[in-house]
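Read through the structure below, which is laid out as structure tokens, and then see the notes.
Just so you know, all these numbers are worked out from the coordinates, no wet-lab data involved. As the structure is a computational prediction, the values presented were derived from the model and not from experiment. Note: ideal-geometry Cβ built from the backbone for every residue, glycine included; neighbour counts use all protein chains shown.
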Amino acid sequence: MGVGRRGSEESVGVMKGKYLDYCSAQVADLLLYLSPDEIYLLAQRAHREKGGGGALSYVEMVQLATDWLAVKVHLPPFDVWLADYREHPEAYEDYLLGLWEGDADDSVDL
């Protein structure tokens, strides 16, 4: 069974999992390009936008930077991504981290 055929037969739960995996990989790639100083500045900005005060741990900074990037990055909505994935699944192979293996919770709001 070819990749294209498999992509068209996978359950919606698996496809939702792959979509979330794809989105996570996109945000993770952006984080890898940031220096610690840039993560710090991004986290401080996100913290201020949330009305937070006080010092942040490094883990909190990375989480805030990740959350901020996830909102700011223009990722395709699920239905647009799904149509393109089903048409060209091979184009997404390098962007999937394997987090999707197993059905995603059908209650995930995409």
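Miscellaneous remarks
- Hz values of 3J(HN,Hα) by residue in region 82-94 - Karplus curve (6.51, -1.76, 1.60), Gly and Pro given as x: 4, 4, 5, 4, 5, 7, 9, x, 5, 5, 9, 3, 6
- Base-10 log of normalised Debye intensity for region 8-101 (one unit scatterer per alpha-carbon) at q = 0.14, 0.15, 0.16, 0.24 Å⁻¹: -0.59, -0.66, -0.72, -1.14
- With the highest mean first, a sort of the peptides 58-67, 79-88 on other beta-carbon atoms found within 10 angstrom per residue produces 58-67, 79-88.
- Under 21 Å from Lys50, Cα to Cα: lysines that are on another chain or at least 8 residues apart: Lys72
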